[in-house]
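Notes follow once the structure below has been shown.
Derivation of every value follows stated rules applied to the coordinates shown; laboratory data play no part. Keep in mind it's a predicted model, so treat the numbers as computed, not measured. Here the Cβ positions follow ideal geometry from the backbone for every residue, glycine too, while neighbour counts run over all protein chains shown.
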Amino acid sequence: MSLPMAFYDVYSHPALIRYKTSVCSKATLFLAVVLCLTYISPLLVAYRSQGFWLKRSTYEEQPVVRFQYQTLLVAATNTQGDYVAWSTFPHLNNMLGANLRIPAVSVREEDQNQDGKLDFLNFQLQLPLKPEEQVYSVQLLLTFSYKLFRMSTVVMQSLAYVQHSSSVPGAKLFISGDLRLLQRTPLPHRGLYNIYNVSVIDGSSPFASAYDLDNIIRSYQDRNLTTMLSCPMPVWTVGRAAGSPFQLNAEIRYPMEVISYRPGFWETIKYAWIQYVSVLLIFLWVFERIQRFVFQNQVLTTVPIPVGKPHLS
Amino acid sequence: MAVTATVLFVLFTVVTTNKNTTSNNLNTKVGDQNVTYNFMENYTTTQPTEFDSTSPTPSSSSTEEPVQPTVPAKPLPASGRLLTPVTNVDSVCPCDKHKDVCDINCCCDRVCSEEVALFPSCSVDKISGKKMLCSRHVASYSLGSTMDGYSELQSSVRKETNYDIFCIQSQNRVDGLSHPSPALPTDSSFDSLFKELTSFIFGSEETSGQVSSAELQASSGYQYGDVMMTAGERGMFMLPAAAVTADCIDNSPAAFLKDQSSGCSRHVILEQDCGALPALSMDTYTNIQIFAGKNKDAELEVVPVEVASVVLQSVDGTQTELKISGGGNVNPVLLNPSLCAHVVLKVVYMMKYNPAGEIVNVSVSLLLGFVREGELSLEQKFHITFVQEDGEEVAVHYSGNPGYVVGLPLVSGTRIAEGFARSMDPRDTLSLLHSAEDQDCLQGTHQRSPVLFALDSVSGCTLRLEDTANCSLVFQLLLDVLRGPNHAQYVASFGNSPLDSPIDWVPIKNNFNPGEAHICSIPLSLHLEIEWIKYGSLVNPQAQIVSITEVIQTNTTRLDVLSGSSSTLSIMSSVAFIPVSSTALPGYRATPTINGKLPFDFFFPFV
């Protein structure tokens, strides 16, 4: 009964073997092909699997919004189409003549979380009405100054438009919504973007066409970057008492926005590099195995020279 | 474990003494529930130096003397001086809103010692100092109940320890946790502060002086877009237009050199307005004296408005020109309680100007008509055009130069001996029937709308079967209605085709041959099929019409079968624009030897 001798790896080291060949040989050709396959195929794989070049990315930012204290209000006072209107534009008010009805307006903008950015606009309007008048529809335009700073600096003047009509005369319209940013194209990743820093309503114009709602909305909607008042649930309260004004209360929040932008050169390269290298690692491993098999087994004729044995005899 | 936050002591710039030591460390914060108040500074006007050294926590909170600014200008009287912050928690009571009157449910109100028995709960039950400090003072108020069921106040001030590892052990930076004190406005700094702090306010809009920029210019003539001055009381030349609603706004001025057409509606009550409303009377639009230039100082000649023509439109729509003798005007008359005559329906001004920007001549054409009671609103149309002094009265309008422009009318003409003839009026061209309110093909005058380039359209009218007794007559009538009064034979292939070059005109092909007469055959539809191509360079292609076909469909079955039982037939006219240009292809002059097949965005960020 003999115990087997217990052997274990006490030490190991890799041995380097050089394979020599001439320049014009099959082995050289093989090496060239392998190199090409190793480094170019990952590029093709990464590209063909989509999303290699990052073309659109998003970030989150709360905009710096200020109400510009520009208002335009139109209210239909009967079903025949008589109306009263008011604006903060003196030219329009002069033109309105007998249809001008000056309401009582109070506005408060609030920074609720004390971060230096305004979060909330409370707009209250009381429209006095004559005994024979009732409010059937309301159109309200408010303008805002809208700024973004994180990637590209965006400065623009924007619009919130409220339109509500009802077949029943109302006493009150309550609107609570968000001022959302709408983008048709992504923003640039840096620089100043101020092409829309122009008045939405040209208040200095004495011409009636400047205050035509069609024209205002048409030119505004031409923009790539707009804001929209998203108010899915306006509340129209009916039953106005005689002598009491029509009330319009609007609560508009300035929420955090997800803004899409076109990444810059280095961001695009960074994401492409990550994808390329992660695919390349697999190819390097695979082709390393193939090369070792080919040269170890002398599939292609080469001269192996083991090195690392300085004391041969 | 508390990390001591040692912040560099920053000297206050305007310190008068070295007395401002570690300062007010209480912080106002509205808690999650409204019952907890973390608060920092309470500016009270009644007791500005309230707490002195009675504070139970003298170690970390002491007072700061009100800092008097040492700026040379004195503060404005209304601004006063800033109040001293109160920083000890037991002397602060945010719910105490009535002086010397107990506030309901306000347990910290000192005058509430008696009424506390009636309170169900405390609206503020905790007042604490700054949360970031490692130890802070908390005043808490709660209600217990006595034996007989009444509430009794239990208040305490105690020291709370904050176990956050990043709490502040001691704070020596004066303004680290509080708002910086604002610069007190002075006489000299008020305007700049006001401008800085009030970017958007009510009342910041422009004043009404609208011609200020125009007055700065030295030239005496008008510039493009200027308001034109009149000698009357209104001061400006007005052209009514619609603004926020479709209603006419009479105070809208017209702009120099801006051609403008507007239509607007006017609500009229005939008994009151027929003779009295100025906007209905032609006097308002003709009795105007316009200053030739805008420079009021020089003796400017005044240009009166000349009446070029007055056209009367009768009740059924026929128009006759009215001869006015001796410059007399026709004013609106109430013919009977529901009909007002001679009301202005359309006003067309034509202004002639010279290169100096002066108005040379103003003429007006008016359309007068009737208004009935019960109509919703009266629609008025206003039009103003500017023509050069020595130019022709009506210039030939191109519909594109050279290619057609989308939305402009097609140019049509008729063949004459020396070329082609076309109408000067751009709207007098190939046209479609325009749907009218009475819908009958054979009755009334038919409005027509011109065929506009690249706009496909359809319209129609109805034909009652009992009108088709005389088949051949109805056939001819319908054909005339569908084709319009002046039936063109040629269409210009470009928007500016010259009248004397036949190759630029495309004949209207017609595949219509009247069928055999065994059944009553009438045209049911007229369809214009216009084929056009893009011509010229890729970056600036010009639209060219290459062929136009008129397709007239007639019925092949009996009309009463076709109409079913409804006894009316719908007659349609339509137009279709078909782009037939072959799509532009990128090409090389010589075929490149290497045809790289990499996708277009393979090297996207590099190229």
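General remarks:
- Among A:Asp115, A:Asp82, A:Asp202: highest mean-square fluctuation, GNM of chain A, C-alpha pairs under 10 Å: A:Asp115
- Cross-link reach is defined here as a Cα-Cα straight distance under 21 Å, omitting same-chain residues fewer than 8 places apart; for B:Lys131 the lysines meeting it are B:Lys29, B:Lys159.
- Listed by number, the DSSP H helices of chain A that run 30 Å or longer by alpha-carbon position along their axis and have mean Kyte hydropathy of at least -1.0 are A:26-48, A:265-296.
- Take every Cα pair under 8 Å whose residues are at least 6 apart in sequence, average their separation, divide by the length of the stretch B:90-169, and the relative contact order is 25 percent.
- Chain A - share of DSSP beta bridges that are antiparallel (%, nearest 5): 85 percent
- Computed over chain A with a Gaussian network model linking Cα atoms closer than 10 Å, the most mobile of A:Leu213, A:Leu229, A:Leu187 is A:Leu213.
- R0 of 22 Å, Cβ-Cβ distance B:Glu306-B:Asp425: FRET efficiency to nearest 0.05: 0.50
- If you run the Gaussian network model on chain A, springs between alpha carbon atoms under 10 Å, then out of A:Thr227, A:Thr143, A:Thr38 the most flexible one is A:Thr38.
- Taken along the Cα-to-beta-carbon direction at a fixed 7 Å, the label points for A:Gln183 and A:Leu284 span 3.5 nm.
- Distance between the C-alpha centres of the stretch A:75-94 and the stretch B:453-485: 44 Å, rounded to the whole angstrom.
- The stretch A:1-134 shape via C-alpha gyration tensor axes, a/c threshold 1.5: prolate
- The mean number of partner chain beta-carbon atoms within 10 angstrom of a residue's beta-carbon across peptide A:209-219 is 3.
- Hydrodynamic radius by Kirkwood, which averages 1/r over all alpha carbon pairs of chain A, in angstrom: 26.1 Å
- Close amide H pairs (under 5 Å, H built 1.01 Å from N) link B:Phe119 with B:Ser151, residues at least 5 positions away or on another chain.
- Residues B:Met147 and A:Ala104, FRET efficiency given R0 of 60 Å [Cβ-Cβ distance, rounded to 0.05]: 0.65
- q = 0.14 Å⁻¹: log10 I(q)/I(0) that the Debye formula gives for the stretch A:187-262, counting C-alpha atoms only: -0.80
- Chain A: relative contact order as a whole-number percent, Cα under 8 Å and 6+ apart: 27 percent
- Under 21 Å from the Cα of B:Lys352 - lysines, other chains or at least 8 residues apart: B:Lys258, B:Lys294, B:Lys296, B:Lys381
- The mean sequence distance of close C-alpha pairs (under 8 Å, at least 6 residues apart), as a share of the length of the stretch A:141-251, puts its relative contact order at 41 percent.
- Shielding by partners for peptide A:76-86, expressed as the average number of C-beta atoms from other protein chains within 10 Å of each residue's C-beta, is 2.
- Amide H contacts of B:Ile571: B:Cys461, B:Thr462, B:Leu463, each under 5 Å away and 5 or more positions distant or on a separate chain (H built 1.01 Å from N in the peptide plane; Pro and chain starts excluded).
- Backbone N within the stretch A:21-57 under 17 Å of label point (7 Å from A:Asn224 Cα along the Cβ vector): A:55-57
- Pairs of alpha carbons in the stretch B:226-388 whose separation is greater than 18 Å (percent): 60 percent
- Net charge contributed by nearby residues that have their C-beta within less than 10 Å of B:Ile548 (K/R +1, D/E -1): -2
- Virtual spin-label span in nm between B:Ile165 and A:Ser167, 7 Å along Cα→Cβ: 6.9 nm
- Close amide H partners of B:Lys126, meaning residues 5 or more places away or on another chain with modelled amide H under 5 Å apart, are B:Tyr37, B:Tyr141.
- Charging the Cβ of each Asp and Glu at -1 and of each Lys and Arg at +1, and nothing else, the dipole of the stretch B:467-533 about its Cα centre rounds to 60 debye.
- Taking each residue as 0.36 nm, the span from B:Asp283 to B:Ala469 lengthens on full extension beyond its C-alpha to C-alpha distance by 61.9 nm.
- Dipole orientation for the stretch B:226-388: of the candidates B:Ala356, B:Met228, B:Leu366, B:Ala356 has the Cα lying most toward the positive pole (charges on Cβ; Lys, Arg +1; Asp, Glu -1).
- Normalised size of the stretch B:134-182, defined as Cα radius of gyration per 2.2 N^0.38 Å with N residues, equals 1.84.
- Length gained when the stretch B:Asn331-B:Ser566 is fully extended (0.36 nm per residue, less Cα-Cα span): 79.8 nm
- A straight Cα-to-Cα reach below 16 Å connects A:Lys117 with the aspartates and glutamates A:Glu60, A:Glu61, A:Glu109, A:Asp178, A:Glu257, residues fewer than 8 places away in its own chain not being considered.
- Gyration tensor (alpha-carbon) shape descriptor, the stretch B:363-505, a/c threshold 1.5: oblate
- Inter-label distance, nm, simple model (7 Å from Cα along the C-beta direction), A:Gln296/B:Ser338: 10.9 nm
- For chain A, the mean residue ellipticity at 222 nm estimated from helices alone is -7500 deg cm²/dmol, where every DSSP H run of n ≥ 4 contributes -39500 (n - 2.57) and the total is divided by all residues, rounded to the nearest 500.
- Cβ crowding within 10 Å averaged over residues, with B:413-423, B:571-581 ranked highest first: B:571-581, B:413-423
- Cα gyration tensor, the stretch B:406-473 - rounded (a/c under 1.5), prolate or oblate: oblate
- Partner chain coverage, peptide A:9-22 - average Cβ within 10 angstrom: 0
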